[in-house]
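To start, the structure under review is shown below, and the notes come after it.
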Amino acid sequence: DVKVTQSSRYLVKRTGEKVFLECVQDMDHENMFWYRQDPGLGLRLIYFSYDVKMKEKGDIPEGYSVSREKKERFSLILESASTNQTSMYLCASSWSNSPLHFGNGTRLTVT
Amino acid sequence: GENVEQHPSTLSVQEGDSAVIKCTYSDSASNYFPWYKQELGKGPQLIIDIRSNVGEKKDQRIAVTLNKTAKHFSLHITETQPEDSAVYFCAAPSWGVTGGGNKLTFGTGTQLKVEL
């Protein structure tokens, strides 16, 4: 069974801090994704990656960056956290043209 | 890019009744439409999907219908049970510079509550 593991379930950070959200998948999937989920807005794509060291912007990349140094790991970075980045962050992975498998999410609060 | 609209945002049904959730999409080139279920405290999980070469697909109590002409697709749950209570998301492919692959645009979600 595919497992997508997000390192933190809950995270509380202060405005201006650099924040790292980590995601690891165990199925050798090429594709990895970071979404944020907000009430009434659904899931919005921040960044995605089709291969190691490869990244592409999604629909809302501003204020975020990503890193994919190894195939199984995809990190989301908030260079300087702001209160409007308080949200639920969901990582997903997949083979090409196959369904997305999601982790259980990291709920980030920026105070 | 793709635009997906989902209705209703909340839906309350009695146990045993049917539930229907509807989505519309904007890009006529879209050819793959998944539905995800998100239970409390968990990430979304695929429950059914449909490709554009068929009009309907069923899996036990769940079915999805697709109308390509009208650009809408619907999730149908029959004989609802309390464990069907969750948030449901529809999605359609996002076609960007790379061709989109399985990059998805999601609807805004429907909170389904099945009451005893």
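Assorted remarks:
- Between the amide H of B:Leu104 and those of B:Ser94, distances stay under 5 Å, these residues lying 5 or more places away or on another chain, with hydrogens modeled in the peptide plane.
- Neighbour-count order for B:Asp84, A:Asp51, fewest beta carbons within 10 angstrom listed first: A:Asp51, B:Asp84
- Counted over all Cα-Cα pairs of the range B:1-113, pairs farther apart than 25 Å make up 18 percent.
- With neighbours defined as other Cβ atoms within 10 Å of a residue's Cβ, the residues B:Phe73, A:Phe20 order from fewest to most as A:Phe20, B:Phe73.
- Measuring between alpha carbons in the structure, the pairs from A:Lys3/B:Lys37; A:Lys3/A:Lys70; A:Lys57/B:Lys37 lying more than 19 angstrom apart are A:Lys57/B:Lys37.
- Here the mean projected area of the convex hull built on the C-alpha positions of the range B:21-85 is 4.8 nm².
- Looking at the range B:1-49, the pairs of alpha carbons with a distance over 18 Å make up 47% of the total.
- Mean silhouette area of chain A, derived from the convex hull of its C-alpha atoms and averaged over all directions, reads 6.4 nm².
Only the coordinates and a few stated rules stand behind these numbers; no lab work does. Values in this document were obtained by computation on a predicted structure and should not be read as measured data. Cβ coordinates were reconstructed from backbone atoms using ideal geometry, including for glycine residues, and neighbour counts include every protein chain displayed.
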